[in-house]
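S.K.: Take this structure, written in structure tokens, and hold onto it; I'll ask about it next.
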Amino acid sequence: MAMPSSLLWAVDIFGRVYTLSTVGQYWELCKDTQLEFKRVSAVKQCCWGIACDHQVYTYVFSGDVPIRYQEETYENQRWNPVGGFCEKLLPSDRWQWSDVSGLKHQQLDSFTLPSPHWEWESDWYVDENIGGEPTEKGGWTYAIDFPSTYTKDKRWNSCVRRRRWIRYRRYKSRDVWAKIVSHDEPDQLPDPFNDISIGGWEITDEPLGRLSVWAVSLQGRVWYRENVCHHNPEGSTWSLVTTPGEVVQISCGPYDLLWATLWEGQAIVREGIDRNNPQGISWSTVESPSSENGIMHVSVGVDVVWCVTKDRKVWFRRGVNSHNPCGTSWIEMVGEMMMVTVGLNNQVWGIGCDDRAIYFRQGVTPSELSGKTWKAIVSGRESDRSQTGSSTSLLSAGCFFTDDIQNQTSAVIQGDADPSSDTELPGVPSSPASTALLGAAAAGNGPASQAETSAQLPVDPLHSEQGEATAASASNEKDNLEMNKSPGNPNPSAELQWINIDLKEAQKHPVLSVSSFADTSSLSSLGVFSVGAEEQYGADEHPLWAWVSGGGCLVDLHSPLKWFTAPSGLSSSVQSLSLSITPAQTAAWRKQIFQQLSERTKRELENFRHYEQAIEQSVWVKTGALQWWRNWKPHKWMDVRVALEQFTGSDGMRDSILFIYYMYHEEKKYIHVFLNEVTIIVEVLNEAKHSFALYTPERTKQRWPIRLAAATEQEMHDWLSLLNMSCCESRRIQGPPSHHAIWSVTCKGDIFVSEPSPELEAGPQLMPCDQMFWRQVGGHLRLIESNSRGVVWGVGYDHTAWVYTGGYGGGFIQGLASSADNIYTQSDVKCVYIYENQRWNPVTGYSSRGLPTDRYMWSDASGLQECTKTNTKPPSPQWSWVSDWYIDFSPAGGTDREGWQYAADFPASYHGHKTMKDFVRRRRWARKCKIVTNGPWLEVPPVTLWDISIIPSSDADDEEAVALWAISDKGDVLCRLGVTQQNPAGTSWLHVGTDQPFISISIGAFYQVWAIARDGSAFYRGSVSPNKPAGDCWYHIPSPQKQKLKQVSVGRTSVFVLDKNGNLWYRQGITPSYPQGSTWDHVSNNIRKMSVGPLDQVWVIADKVQGSHSLSCGTVCHRTGVQPLEPKGLSWDYGIGGGWEHITVRGNATEAARGAMPDTAEENPAPSKEGEDESKGKTEHSKTPLMVSESQELDRYSVNC
């Protein structure tokens, strides 16, 4: 039996297992008919069951790909001076045959098949590949010692070798029931089982096909099957899960819902189930909905729970979700069932009490999880196809009416004419089924027309269910936006509005089984509710069902099912119901129903005539499961549900809200963020998590962004792309950046751009820079420079030069948020560094044995993180290694011939030669990794660059050249020729002579060119002009006292430099006649990078900013109060903190009126001034930024759900 699209599984009272396809019309008998089953639990790929011998069996569908498992073991040998490589190992060595770690002894003959359902595919053979590359004959890989890094090449110092042996086993018991054998006691399982449930496949994707299998024993204990996945469909062992009482039945959903019922009638709910702990942590108890009758059966889905009490009543649990698996309250539903089962898409099936037929719950949607009505499945068995019956159609309306039903219909007709009698008439169902029944009976002359009309007949919920809706809505609590993901339909649902469904508590009178289970769209369901119910169907004619499982059945809400029409003629018991209905009766009914519908339409329109015209609005939602970094102590990652709601207003504009649901002290709360307030969404460099951060102005002030983490990098990029696009839509931003845009680069190499406001630099009310909105542009760069004519260049970590093409998007930003052209492939290479540390020992000299207080012998630069060659990974999965580890001879301070740097102790100042006082040493190892992405960038070959600078602004025509200077990675000064707005890449390089290597260069307005040499001195280039683009000579400018400079930036009239200690200096005395200036004035410290714009505005990347909760890599800061009379400015305004590496404002030439600037010192905090020289006589204004106390911080943005 090949696996169809989706199957409903069922067991009849004789223990035979049947399946019904969603596209089929017949029940098919499962193979292995000699087995008799009590219960089954199914998912799409397999089914588990408990046979009448209380043993557990699994049924795995066959597929195109076999289930194979690779067994492996390693043969280890050591080199012997006498005989070469041999099997004789040292006593301290690993086993001759072992696993990959060498800790476990694994001989070839020690491997056995885990069960009779497996078979060996082949014998053992040697794997002659290592890392995808072929080895020499024999498959040996060599190393210096155990354990170490193995290579395929044998070297002079290769003292050990190993090779991998492989053997595959294949699972052969597919499309049959395979008994699960216990390895502890092969004859029996830990306990005889009486219930089983499988699910949990949505908890995590690793390993492939992972399932949670839960079982209940006859003694009332709960067992969990370990390690069930695609390559191990049987699992490995049973583990006991303690429970607060004796359990009788259990149900597991596809996500993290798990409910069980106790002998006493309560339900217990498993909490703490997640990807790291699929067994959960603890149990919570939920009381029965009825004090007299306990819970007998429970079934859970994605975010719904149904139960059956001992009096056969059916109940629905409100408010169930991942954050509140216990739900809030019970609501009784119409009907009496033996059991219910919840399947994919939260669809529900049940087995009726009286007739043992299987019913399907119709009307279950994401917005109405409880559905509307039960409808019987009347599909026949495969063996029934040969049987024939009467030619009378099931859809013939006349064959269902008896005197009792005719009396009911007349009562309904009278009641419908009088609105006050809807809930007054005794014995009248308050379900729309009876109204639909009349319409179907009277709407046509033949069976076909009757069926069509009945399917299209509108049923009035406001009228026919008025009492029901009123009672239900009165019991509603406040609506909260509760969004949960469903496998079939990802749209979330709000808290259910209990209207339009057959709620038991909303009815005042009992209903007859015929009409209460009738359907609004078809009469076929009445066939199994025969008025002659005393005539039981024989087992050979219609099966009597004992169990049903819908866990693997996906019902498409938009596709019709063939389950509700009989595939063959009527049985004799149904044929006997046929009665004649006269044409006069039919005509009278038709006339009465037409009048009734006309009056009802008038009545409804009258009620709504005062309402305004509705304006079409649409709401679009995406939900998902992420992790959130809790911003109060103890700080930790919490599993949360995230929902992005995007709505379109009457003006056609879109806006979005992001909801984050979490639990706090067992109370559900949520944080919400309006995306039009978000200033940036940035990926966070974290090896352990795929995380990103959302900033708003308020959270920037507090240094507490919202940090979220996804399970996979692809999921994180999907969210980043969606949130970026939603933010741009909310702010009405689209297309490429403008020529005046501010560009920046994070420490990860991600590129961001912001559109500056005119109020950013001048005006009566300055715009704080923490309100700037940054959007990401694809690509990967180390630094970037721009000017106001749209010329943008960047330099990668591998020093490759790139020019901006005018596009937008790229990288993970795809679709409408990315331009269709001007996007090209971009690659970058960077080095990852680790340090080998050693301490001097009087006996052995330098060795890798340090003091207990020392740093790790293999560490990062700080020594706080252990970084070995084997456990050091590329920065993210986007990166891949492109070289082996090698010694780096270029760290600051120099090295000796072997790459070592020496110092008196850790940490200290390192130098490249050993002295008598040096007791520790280190050397730096490097390994190159590469990233391949895309973005609006084109490579400018062939010269590799270290620094670039573009003239910030000019009044030249578009065709005139733009001055662009650069420094190559070797320190040469270059001038680019032919750069125009139409050809931003230029044509060729012109070399400018220097007597030493340079590291920084900047060209300001009026062709002022300043540069910094590698030794930290400053130079000015004289006589640079459009006619003489390279100038004539260099003028040496003395540096600030005892400081070595590292960066220079030139604006319109201002020149700022940055020294290697992070101090920012301003050049005084610059005039047109004396452009070199006179003296240096200190401005600030703790500066990493800076950029001076065409308006002399100053922006920096600062370190150690007051209020930062951690050592941030860099914070965007804006110098406020810059005026012609105060070119150094007055104070600092904070932007977004943490993770910034470079910024350029050299394109923002938007002129603004330069009036008297308000003193912003009291409004804007400044970088800290520890250690700053105060002898200048000028006091820097500073203020501690806004900090929130811990009690306020706890739930400042939280809203109780």
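The values are calculated or read from the model by the stated rules, or taken from the named source; none is laboratory data. Quick caveat, the model's predicted, so the values are computed rather than measured. A quick note on method: Cβ atoms are made from the backbone with ideal geometry, for glycine too, and the neighbour counts reach across all protein chains shown. We work out accessible area using only protein heavy atoms, side chains counted, and drop any ligands, DNA or RNA first. Shrake-Rupley method; radii C 1.70, N 1.55, O 1.52, S 1.80 Å.
S.K.: From Ser329, Ser291, Ser322, which residue is modelled with pLDDT under 90, more than 33 Å from the chain's Cα centre (by Cα) and open to solvent by 30 Å² or more (accessible area, probe 1.4 Å)?
M.R.: Ser291
S.K.: Taking the options Ala1018, Ala1030, Ala1005, name whichever one is farther than 20 Å from Ser1131 by Cα, among the aliphatic types (A, V, I, L, M) and free of Cβ contacts under 8 Å to residues at least 40 places away in the same chain.
M.R.: The match here is Ala1018.
S.K.: Of everything in the range 1059-1077, what is under 13 Å from Pro1040 (Cβ atoms) and surrounded by fewer than 23 Cβ atoms within 10 Å (Cβ to Cβ)? Give them in sequence order.
M.R.: Hits for the range 1059-1077 are Asp1059, Lys1060, Asn1061, Gly1062, Asn1063, Tyr1066, Gln1068, Gly1077.
S.K.: Another question, if that's okay. Determine whether the range 266-283 contains at least one residue that is in contact with a Pro (Cβ under 9 Å, 6 or more places away or on another chain), part of a strand (DSSP E or B) and either open to solvent by less than 10 Å² (accessible area, probe 1.4 Å) or modelled with pLDDT of 95 or more (or both).
M.R.: Yes: one or more hits.
S.K.: Got at least one residue in the range 757-778 being open to solvent by 30 Å² or more (accessible area, probe 1.4 Å) and closer than 26 Å to His690 by Cβ?
M.R.: No, there is no match, as no residue in the range 757-778 is open to solvent by 30 Å² or more (accessible area, probe 1.4 Å) and closer than 26 Å to His690 by Cβ.
S.K.: Still on this structure: Can you name the residue in the range 13-47 that is of a type in the set (D, E, K, R) and more than 39 Å from the chain's Cα centre (by Cα) and, of all such residues, is least open to solvent (accessible area, probe 1.4 Å)?
M.R.: Looking at residues that are of a type in the set (D, E, K, R) and more than 39 Å from the chain's Cα centre (by Cα), I get Asp32.
S.K.: Just for the range 876-935: of the residues that are closer than 30 Å to Gly809 by Cβ and of a type in the set (A, V, I, L, M, F, W, C), which one is farthest from the chain's Cα centre (by Cα)?
M.R.: Val882
S.K.: If I go through the range 356-379 residue by residue, how many of them are outside any loop (DSSP other than H, G, I, E, B) and touching a residue at least 40 places away in the same chain (Cβ under 8 Å)?
M.R.: Of the residues in the range 356-379, 10 are outside any loop (DSSP other than H, G, I, E, B) and touching a residue at least 40 places away in the same chain (Cβ under 8 Å).
S.K.: When only residues in the range 754-791 that are assigned to a strand (DSSP E or B) and in contact with a helix residue (DSSP H, G or I) (Cβ under 7 Å, 6 or more places away or on another chain) count, which is nearest to Gly935 (Cα to Cα)?
M.R.: Restricting to residues being assigned to a strand (DSSP E or B) and in contact with a helix residue (DSSP H, G or I) (Cβ under 7 Å, 6 or more places away or on another chain), the top hit is Gln776.
S.K.: Where the second residue is assigned to a loop (DSSP other than H, G, I, E, B) and surrounded by 14 or more Cβ atoms within 10 Å (Cβ to Cβ) and the first is among the acidic types (Asp, Glu) and lies in the range 856-878, which pairs have Cβ atoms under 6 Å and are six or more apart or on separate chains?
M.R.: Asp860/Cys867; Glu866/Tyr856
S.K.: Quick one: count up the residues across the range 916-943 that are open to solvent by 30 Å² or more (accessible area, probe 1.4 Å), aliphatic (A, V, I, L, M) and closer than 30 Å to Ala966 by Cα.
M.R.: Number of matching residues: 3.
Rundown of residues vs (1) more than 28 Å from Thr365 (Cβ to Cβ); (2) more than 53 Å from the chain's Cα centre (by Cα); (3) modelled with pLDDT of 65 or more, yes/no style:
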| position | (1), (2), (3) |
| --- | --- |
| Leu561 | no, no, yes |
| Phe564 | no, no, yes |
| Ser568 | yes, no, no |
| Ser572 | yes, yes, no |
| Gln575 | yes, yes, no |
| Ala587 | yes, yes, yes |
| Phe594 | yes, yes, yes |
| Arg603 | no, no, yes |
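S.K.: Taking only the range 120-154 into account, find how many residues are β-branched (Val, Ile, Thr) and under 39 Å from the mean Cα position of the chain (by Cα).
M.R.: Number satisfying all stated conditions: 3.
S.K.: For the range 89-119: of the residues being without any contact (Cβ under 8 Å) to a residue 24 or more places away in the chain and not in a loop (DSSP other than H, G, I, E, B), which is least open to solvent (accessible area, probe 1.4 Å)?
M.R.: Out of the qualifying residues, it is Ser110.
S.K.: Also, I was wondering about something else. Could you please find all residues in the range 167-184 being under 29 Å from Tyr150 (Cβ atoms) and over 36 Å from the mean Cα position of the chain (by Cα)?
M.R.: If the condition is that a residue be under 29 Å from Tyr150 (Cβ atoms) and over 36 Å from the mean Cα position of the chain (by Cα), then Arg167 is the only one that fits.
S.K.: Return yes when Phe906 is aromatic (Phe, Trp, Tyr) and either within 30 Å of Thr712 (Cβ to Cβ) or touching a Lys or Arg at 6+ places or on another chain (Cβ under 8 Å) (or both) and no when it is not.
M.R.: Judged against the criteria, Phe906 is a match.
S.K.: Testing Pro764 on (1) more than 34 Å from the chain's Cα centre (by Cα); (2) within 30 Å of Met916 (Cα to Cα), one condition comes back false. Which one is that?
M.R.: (2)
S.K.: State all residues of the range 639-683 that are touching a Ser or Thr at 6+ places or on another chain (Cβ under 6 Å) and open to solvent by 40 Å² or more (accessible area, probe 1.4 Å); if no residue qualifies, say none.
M.R.: Passing the criteria: Arg654, Asn676, Glu677.
S.K.: Yes or no: the range 734-754 includes at least one residue that is more than 18 Å from Pro877 (Cβ to Cβ) and among the charged types (D, E, K, R).
M.R.: The answer is no, given that none of the residues of the range 734-754 is more than 18 Å from Pro877 (Cβ to Cβ) and among the charged types (D, E, K, R).
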